[in-house]
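Got a structure for you, written out below as structure tokens; questions coming shortly.
The values are calculated or read from the model by the stated rules, or taken from the named source; none is laboratory data. In this text, all values refer to a predicted model and were calculated from it rather than measured experimentally. Cβ coordinates were reconstructed from backbone atoms using ideal geometry, including for glycine residues, and neighbour counts include every protein chain displayed.
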């Protein structure tokens, strides 16, 4: 595991928050996913050794929660809400617009590795549907036009790098 | 002896019947005591309780009490205490008894709940009973008959999961049949201490797997097959060999170590198909090692000894040999810790008639603190109790692998204990060696030493000793005869004949009795009934005992005369050594 020193520091710190070490499984997995972007295959053994568990115990947790990723994703993560309010106000069209813009499908990494589009469950902003979460930023009332505008913005930023 | 304290008893009412059960008993076990069956899958008496199958749902209630006076409320209609029933079903396995607990296991609500649980369990279960190995001993099959609705309302597609996964060298997994009870996971973690199994994914995608790159390869892996309530985990060896309802079950004892795990031999038409553990809460709980399940294969081995000469002719030859070496000490008898108590008793009689010295071959390996002990002879204590030997055999330094290690036990077994005999042979004192099933070369004698003596060999399989022997009596394996062993707890345990022996092999007892009769020119009994009359008269520890009286769970005998002996034993599942164990690495 090639983790940043800051991550390693938070990992050691977060373990002390719990009376038993195994309780730190979820926070550790979150920290690793934040650092690496996904959970590489060696995560199970590494976390198990850290928390005095068996690797299978960690694998059970990783596979149980859909938000733990076992495969790398693009540099930007676009999450389009698919739940009722957003769906009624055009969430599906928004998602399709993003797919078209980046020439990819939901759940996949776009060619060039710039974005991953996920069609996710409720993002808890039903009043401003349809909503989109790009990395940690919430974008409200994202219709097709706004989706195109956001995509162009991402592409422009990508070009600058 | 101080009597164990009487456990606190709690009176509960199950289906209208009052019963007093120890505190801490759960409803399934309490119901078992009044012969009420509460169906269950995930619950296992020897594993932790998780309550995830929901099959053992019951209706429960407590007597109503007046909130102010705490006095029980009496129902004016029936004149009996009023019961406050909980409106929803509860799981029986996770509910411990409490005073006055009332349980209904047959009410309409319970029946409804069971039907519902069964329907959900069967949603993704393939209906492949006709080709499933578990059929006939499948809890799901039994309980769908008992509690299922009888027809399916499921019109959707069943999900697809891995079939025929090799979880390890001995266990095959069919994930579609798995009902996610997690017994195998808990067994691996809690009993075998080899936590490699787990559920990945969730919901109807939940799949039992071994961690990628690891294997369920421990020496107890086949117990997961035994406790699997469905046909998900199957024994790779037994798979597709035989329908279980054709098999005859015979109680036996695992002979690989002094633990003496209780087993069942499953056979049909003289052929053994598998060995499984038999529950004995004082010895092996419900488990047995994988290595012990392989032992029956030796029965059909190509190197089984069979006689070409008539038994009486062989006995006459032996009698001639004995007569020529009648002086005291010219004959040595090598007894066996693998012989039954009765055989050891007759071996002692034979040695006395021949004025011969007696010794035992020791087998010592590494114990695993579970069901494999360091002493790999099943019946060294029997030899002590019957008086065949008076001190323990010396631990050998030779490390040839003997037959019993062909299974999964990797650590070598140190066979030995014949150094005194070797010295006597070298000194030219001993001219004849009678070996009761022991390979003398494996036990440390050299081929040259063996060539200097005449060997009379009683045994089941061909080996270097049988090849060098002058007279060979083919005898029976443990699966082909009746008898008893004394295990490490000094527990006398019975084993029974499961299959007939091969043609030309004779029961050890008959051979030993005939040899004794020839040596002492007095008749000797060879059937268990008459032998036990002799044994109980002569052996103090077995006084007042007979073969018929030994219960299936064994009989503890008085071990105090042997308490000071330095047995080569470590701790096992239900045994703690009294004296400090002899260091194995010396």
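I'm told residue A:25 meets every condition in (1) away from every other protein chain (no Cβ under 14 Å); (2) in a helix (DSSP H, G or I) except one. Can you identify the failing condition by its number?
(1)
Say whether the condition of being more than 26 Å from the chain's Cα centre (by Cα) and in the same structural domain as residue B:431 (by TED's automatic domain parsing) is met by at least one residue in region B:481-501.
Of region B:481-501, the ones more than 26 Å from the chain's Cα centre (by Cα) are none.
No, the conditions are met nowhere in region B:481-501.
For region B:242-256, state whether one or more residues are surrounded by 22 or more Cβ atoms within 10 Å (Cβ to Cβ) and assigned to a strand (DSSP E or B).
yes
Among the listed residues B:80, B:104, B:70, B:111, identify the single one that is within 30 Å of residue B:144 (Cα to Cα) and surrounded by fewer than 16 Cβ atoms within 10 Å (Cβ to Cβ).
Details: B:80 fails: within 30 Å of residue B:144 (Cα to Cα); B:104 fails: surrounded by fewer than 16 Cβ atoms within 10 Å (Cβ to Cβ); B:70 fails: within 30 Å of residue B:144 (Cα to Cα).
Exactly one residue qualifies, and that residue is B:111.
Condition check ((1) away from chain A (no Cβ under 14 Å); (2) within 30 Å of residue B:367 (Cα to Cα); (3) modelled with pLDDT of 95 or more) across all residues:
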| residue | (1), (2), (3) |
| --- | --- |
| B:146 | yes, no, no |
| B:186 | no, yes, yes |
| B:204 | no, no, no |
| B:208 | no, no, yes |
| B:214 | no, yes, no |
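Determine which single condition residue A:46 fails, assuming it passes every other condition in (1) within 14 Å of chain B (Cβ to nearest Cβ); (2) without any contact (Cβ under 8 Å) to a residue 40 or more places away in the chain; (3) part of a helix (DSSP H, G or I); (4) out of contact with any strand residue (DSSP E or B) (no Cβ under 9 Å at 6 or more places or on another chain).
Of everything listed in (1) within 14 Å of chain B (Cβ to nearest Cβ); (2) without any contact (Cβ under 8 Å) to a residue 40 or more places away in the chain; (3) part of a helix (DSSP H, G or I); (4) out of contact with any strand residue (DSSP E or B) (no Cβ under 9 Å at 6 or more places or on another chain), residue A:46 misses just condition (2).
Just checking, how many residues over region A:51-82 are more than 15 Å from the chain's Cα centre (by Cα), within 14 Å of chain B (Cβ to nearest Cβ), part of a loop (DSSP other than H, G, I, E, B) and more than 17 Å from residue B:182 (Cβ to Cβ)?
Number satisfying all stated conditions: 1.
A further question follows. Kindly indicate whether any position in region B:222-230 is closer than 20 Å to residue B:126 by Cα, surrounded by 21 or more Cβ atoms within 10 Å (Cβ to Cβ) and within 14 Å of chain A (Cβ to nearest Cβ).
no
Additional query: Checking residue A:67 against (1) over 20 Å from residue B:212 (Cβ atoms); (2) in contact with a helix residue (DSSP H, G or I) (Cβ under 6 Å, 6 or more places away or on another chain), which single condition isn't satisfied?
Evaluating residue A:67 over (1) over 20 Å from residue B:212 (Cβ atoms); (2) in contact with a helix residue (DSSP H, G or I) (Cβ under 6 Å, 6 or more places away or on another chain) leaves (2) as the failure.
On the basis of being under 22 Å from residue B:502 (Cβ atoms), surrounded by fewer than 20 Cβ atoms within 10 Å (Cβ to Cβ), without any contact (Cβ under 8 Å) to a residue 12 or more places away in the chain and not assigned by TED's automatic domain parsing to the domain that holds residue B:228, does residue B:294 make the cut?
Here the answer is no, as residue B:294 does not meet what is asked.
If you don't mind, another one. For region B:427-443, state whether one or more residues are free of Cβ contacts under 8 Å to residues at least 60 places away in the same chain, part of a helix (DSSP H, G or I) and touching a helix residue (DSSP H, G or I) at 6+ places or on another chain (Cβ under 8 Å). It would help to see each step written out before you state the result.
Just the residues of region B:427-443 that are free of Cβ contacts under 8 Å to residues at least 60 places away in the same chain, to begin with: B:427-428, B:439, B:441-442.
Restricting the remaining residues to those that are part of a helix (DSSP H, G or I) gives none.
No, because not a single residue in region B:427-443 is free of Cβ contacts under 8 Å to residues at least 60 places away in the same chain, part of a helix (DSSP H, G or I) and touching a helix residue (DSSP H, G or I) at 6+ places or on another chain (Cβ under 8 Å).
A follow-up question, please. Inspect all residues belonging to region B:477-484 and state whether any of them is surrounded by 24 or more Cβ atoms within 10 Å (Cβ to Cβ) and either free of Cβ contacts under 8 Å to residues at least 60 places away in the same chain or more than 24 Å from residue B:266 (Cα to Cα) (or both).
No - not one qualifying residue is present in region B:477-484.
Could I ask something else about it? If you check residue B:128 against the conditions, is it at pLDDT below 95 and within 14 Å of chain A (Cβ to nearest Cβ)?
Details: at pLDDT below 95: yes; within 14 Å of chain A (Cβ to nearest Cβ): no.
Criteria not met by residue B:128.
Let me ask another. Can you go through A:88, A:59 and tell me which one is under 29 Å from residue B:203 (Cα atoms) and touching a residue at least 24 places away in the same chain (Cβ under 8 Å)?
Just a single option satisfies the conditions, and that option is A:88.
Sticking with this structure for a sec: In region B:188-201, which residue that is in a strand (DSSP E or B) and surrounded by fewer than 21 Cβ atoms within 10 Å (Cβ to Cβ) is farthest from the other protein chains (Cβ to nearest Cβ)? Outline the logic, then answer.
Taking region B:188-201 first, the residues in a strand (DSSP E or B) are B:197-200.
Checking which are surrounded by fewer than 21 Cβ atoms within 10 Å (Cβ to Cβ) leaves us with B:199-200.
Numbers: B:199: 6, B:200: 4 Å.
Out of the qualifying residues, it is B:199.
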